[in-house]
Each structure stands twice: as structure tokens, then as C-alpha cells.
Amino acid sequence: MIDSITIERVMDAAEIVDVVSDFVTLRKRGVNMLGLCPFHNEKTPSFTVSPAKGIFKCFGCGKSGTSVHFIMEHETLNYPEAIKWLAKKYHIDVVEKEDSEEQKQQKDERESMMIVSAFAQKFFTRYLWNENEGRTIGLSYFRERSFRDDILKKFEVGFAPEGKLPFTEAAQKEGYRIEYLEKTGLTIKHDDWIRDRFAGRVMFPIHNLAGRAIAFGGRILKEDKNTSKYLNSPESEIYHKSKILYGIYQARREIVINNKCYLVEGYTDVLSMHQAGIENAVASSGTALTIDQLRLINRFTQNITIIYDGDAAGIKASLRGIDIVLEEGMNVKVLLLPDGDDPDSFAKKMGADGFQQYIKKNETDFIKFKTQLFLKETENDPLAKAQLISDVIRSIAVIPNDITRSVYIKECSKLLNVDEEILYNEIYKHKNKQTEDFRRKKTLSNIKQITSYKIEPEKFVTGLLVEELEFLRFLIKYCKTPLGKEEGENPHDPEVVNVDDFMINELEKDDLVSDNDLFKTIFNEIRENIDNESFDSLKYFIQHPNGNISKLATDLISEKFQESKRWSKAGAYTEKEEDILDRLIPKIVLEYKHRKIRFMLEAIEKKIDEASDCEKIREEELIKYMNLKRVEKLIADKLGNRTFI
Ligand SMILES: [Zn+2]
């Protein structure tokens, strides 16, 4: 973990205008700066930077945050990586907190494997371009397929020399240990023999999001029946093939800019797409598409188009898992290439423009595609057709968005020649079951994680309730602000109570502190500083070493949350929230308690339901229920009767 003094130094140095100006041309507009947003396509600027607040915000796409968040977003880095990126820019030494022995060892091991992989990538690339064997076999293969040099260099392709051990020996000569060569799978070692895994293959390094080579795919060029055409690195500490996509590093920026991702099958498909100017393309490299890979894409866009070359059996197999994508709320389209073509051959035949036009014209949404694909074979088979209908219904039912769902229903009713009404009914049944399952899960997990809060259009799931967020916002923002006076030991000399005192005390005395980890951390750290008058809570949490907390704190104070509409509705009350804290804060606390208690009540109701055959439990729970209900009523009365605003 990066230590907090380093983070503070980085945050102090990384002045927002300076950081953003490296990527966006800013003009002065009042107290703020204005420019074209780098995160979405726009012609009129809606991207503002506030030097005073140290934050940026785009009024077009809603992205916002500090310098660190800007770099995270722009360079697609995680929080510690972004801090390091900025530290480098401002020549600040990064001090990392001491890890435990075990963590250190694990990290060392991963790092050693990364270093070995980096060496291998450079070795293979150099071999392809500079060595006779590499040029005559490897490079001529790529040239025959008319790949341009800039594309080959962009993907850092290479060639692994033929022979038993040339690579392993070269690596060992450079001081790389056999242990890590073996762990990364570059070298295969058995009791009595040892050899290079990829000998005689053209090499496609697989990069992680930060652009480091973590694994390889190697294609054999000789006709050899005894070995498979493609060979991949085995799973390792640094390479989990179900979690990474080939080309994601090279494609990530274009995916964001185009708000779309193309998914193709192989390494050369990705290269061809890029060469054709379609740079938002990735491949799942030999595995069936996994949910983790989809989530990886989902970090950059919700729109995904899967490109297939026309082999029906393969397509049907790969379609099975895709309902998951719909469930994630992702928008999936499918594109079928003409018979006999793959993206590689097709891109070369059509050229960039032709290919792009073909895509636009021919991509079909997933459910329609699936329905059409299976419809043919069910024509004379009513049973198969019924199966298809229920299959389609299942796919539609998981779509979270009502409007999208109804569009699909309309389409499928036409395609399947089934009444819309019938489809609606079936889907309704399905949805009901889902909701019921969901409700069960929800109540069981009690108060822990119920709603997610979303900052549109980016998703930021914290598992916090709106009331909890509001509570945290006031607690962090007005932490040391005096709230009023309270009678202490000496009634003539009342003690001043600060916001943090009041809010923390209120929850603790009723034992209603949230179970949510983010909430608990913030709550506890504020309590630890309750007597520290110089504690700058805002700064403290914005610069927090935990990236989730830092992002949450920034979001809470950025404009999305300021001046909640509730406080300044329709001009009737134009008081600023900081002027009425003495009325607002007790209300915030009450609302928080009210919500918590309502969830506790729900949980008890569920328990009573479930204990239908045990009178004793029912009775106990009922007593709890009645007591809580009284408290709820008390709070509801207070909330309703006392006019705070
Ligand atoms: Zn924007």
C-alpha cells in the first residue's frame, strides 16, 4: 500500500488544471476552466475544472473527481497506479507501506514473474525483427498476411526460436531464475528433461490493463499433426485467462471513446481489426466468453458486439452463456460474417470503411439473432418451438430495463408468431420468481447491503443506502462545525457540540452503526479523531489511501450531492444548508435511523414467516417486532411533526 504521506504530497502537487491541461485544452470561464470532455464525444464544451475545489466535472457524461480520478479514468488505471503515475510526473518518491512477510513474498513472486514475462516479450520481438530465423519464418508469415509493421509493433508480436532450449538458456544467461521461467510456463521442466514451451512459434504477448505482458499465445507455422496450431501460457499467479481479454490494453481508450467494444475470436482477428482502423476490438483468446471478461468490458462500455464467422455449431455453443450479459444490463449485438470469411480475411477484403459499413448494416441484437438462428430448426417441431419460446423468455426476463424489455417482446412476438400478451404473461411469471428470489436474499442479508447507489452514467456501487450516504456527506463535510450548545456537567457553562460529536453519539447510543465496510471505516476514523480539533476531515478522506473511500468522499462533496434538491426546492427555501445545520443534522440522523429500523422490521417479518411451525420463535420475534414498531412510530412522528425546514 502507498503510504498516506506520499498520497498527500502527490495530491498537493497535482494541481487539477495542470494535470488536466496535459490532455484537454482549457479556457477560462468565470472562476472555472472549460474544455471539451475527453471521456465522451462532444462539440460544445461541457467539461469544467474548478481550481478552487480541485475537482473536474463533465456536465455531459457526468464524470467527476480529483486529479487522481482524472488520471484513473483517462489512463484507465486503478487508484494506486494513478497515484504512482502522478508521483512520476511531479518527481515525488513513492513510499509504500510495509507489507506483511507473506504479502511481500507473494508480491515479489508476482513481480518476478512479470519481469521474466517482460524479458521474454522483448526477446521474442527482437528475434522476429533482427534474427535470420525470425525474419525468414516469423516476419514473412506476418508479411504474407499483409500485416503492417506499425500493427506488429503495437501488439509487440515476436518469434520464439526453434530448438530445445534457446530461449531458456538466453534467459538464464541474463540471470533469470528457472523457477520463474517455469512458473510463467515459458519453460517446461520435468524430472529428467527441460525445454522451451513455444519453440518455433510466432508469439502474441497478452497484456494486462497496465500494458505489461503477462502471458503469451504462440502459433505454430509448420504443418504438424502432433501439436495444436495455437498454444497458450498456462494459468499462473499473474495470468488468469478467464479474467483477461487479448488486446484490452491496446483497445481500452477507443472502447471508451466509441462507447462500444467488438469481440472477435483470435489474435490475428484483433490485429486485422486494428489495421482496418477499428481499434476497439478484443478477443477472448481461445476460451468461451466468461462473466469476468464481460465485466472487464463493462468497465469501459455497456455496448458489445460479438463478431462470428459463420459456423453455426460454434455459434450455438457460444450463445449459451450470454444471458449473463443481459443480466448485467449490457447491450449485446451479434454480427455474422459471410460464409467462409473471418474478421481477418473480411477486413482485408472490405477495407476499413467497407467493414464498418457492413457492421452498421448487419449487426443484430442478441435476442433477435438467437430467435432467428433457432427458429428454422423448430419449424415442424412444436415441442422444440415451445422450448425455444421459453428459452427466449428467460433471456428477455433478465433484462433490467423495462423499455428495452418491451422492445424485445414486440420483436419476438413477431418473429415467433406468438401473441405479445402471452409473452408478457410468461415473462411476468419469470420476473416474479426472480423478484421473490431477490427479496429473500435481500432480507436474509438483513441491513448489510441493500441498495446500490449509482452515479450516472458511470456505475459506482457502494452498497450504501441513500440515507447512509446523506449521513456520511454531512458527517464528512461539516465534521468540526459547532452544532450548538449542550448542557454538560456545569449547566452554567454549556459544552459546544460539534457535528461529529452529535452524529457519532446518536448512532452509537442506539446501536445503529451501519454494517457496510465503507461506512464503518469512515465512521470509526472520524471517531478516532473526535478530540483532534485540527482534523481536516474533507482533506483526510479525499486523500485516503483506500481508493474507494477517496472516490466516495469526492463524490459526496462534488456537485451531484451539493444542495440536495430537497433543501432548496422551488425557491421556497433558499437557505443554504450550512446555515441551517442545527435543524438539518437532527433530521438527517432521524431519517437514517428510520430507514435502518424499517429494514430491521422487514427482516423480523421474514423470520416470523419462515418460522410458521415454531410458535416459540414466532412469539419472541413478535415481541421484538412490537418494540421496534413503537420506536419506528416515534421516529416517524418526529420526522412528520417537527418542521425542520
Ligand atoms: Zn463528458
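Please treat every number below as a calculation from the coordinates, not as lab data. Everything numeric in this text was worked out from a predicted model, so none of it was measured. Reconstructed Cβ throughout: ideal geometry from the backbone, glycine too, with neighbour counts over all protein chains shown.
Relative to its residue count, the chain spans a Cα convex hull of 250 Å³ per residue. With a threshold of 23 Å on the Cα-Cα distance, the over-threshold entries among LYS88/LYS183; LYS509/LYS629; LYS173/LYS243; LYS89/LYS551 are LYS88/LYS183; LYS173/LYS243. Across the options PHE541, GLY463, GLN103, the greatest Cα extent toward the positive end of the charge dipole of the chain (unit charges at beta carbon of Lys, Arg, Asp, Glu) belongs to GLY463. Near CYS614, once Lys and Arg are set to +1 and Asp and Glu to -1 for all other residues with Cβ below 12 Å from its Cβ, the sum equals -4. Taking 18 Å as the limit for the C-alpha separation, the pairs LYS164/LYS222; LYS429/LYS606; LYS97/LYS539; LYS539/LYS576; LYS480/LYS539; LYS53/LYS477 exceed it in the case of LYS429/LYS606; LYS97/LYS539; LYS539/LYS576. Packing around the peptides 150-161, 419-430, taken as the average count of other Cβ atoms within 10 Å per residue, puts them in this order, highest first: 150-161, 419-430. Per residue of the chain, the DSSP helices (runs of n ≥ 4 H) give a summed -39500 (n - 2.57) that works out to -16000 deg cm²/dmol at 222 nm. Among the listed pairs LYS520/LYS638; LYS154/LYS348; LYS370/LYS414; LYS43/LYS348, those with a Cα-Cα distance over 23 Å are LYS520/LYS638; LYS43/LYS348. For LYS349, a cut-off of 15 angstrom between C-alpha atoms picks up these aspartates and glutamates, skipping any fewer than 8 places away in its own chain: GLU144, ASP269, ASP309, ASP339, ASP341. In region 4-89, a dipole from Cβ-located charges (positive for Lys and Arg, negative for Asp and Glu) runs towards its positive end, and of PHE39, THR6, ILE71 it is PHE39 whose Cα lies farthest in that direction. Most simply put, the chain has about 75% antiparallel DSSP beta bridges, counting only bridges with both residues inside it.
Let me make sure I get this right: for region 135-177, a, b and c are the square roots of the gyration tensor eigenvalues over alpha carbons, sorted descending. Under 1.5 in a/c it's rounded, otherwise prolate if a/b > b/c, else oblate. Which is it? It is oblate, given that a/c is not under 1.5 and a/b is not larger than b/c.
Near GLY65, the amide H atoms lying under 5 Å from its own belong to PHE56; only residues 5 or more places off or on other chains count, and H is placed 1.01 Å from N. Here LYS616 is the anchor, and the aspartates and glutamates within straight C-alpha reach of less than 17 Å, apart from those fewer than 8 places off in the same chain, are GLU605.
The amide H of PHE216, built 1.01 Å from its N in the peptide plane, has ILE206, SER233 as neighbours under 5 Å, considering only residues 5 or more places off or on other chains.
Under the shape rule built on the C-alpha gyration tensor, where the axes satisfy a ≥ b ≥ c, region 102-219 is oblate, since a/c reaches at least 1.5 while a/b does not exceed b/c.
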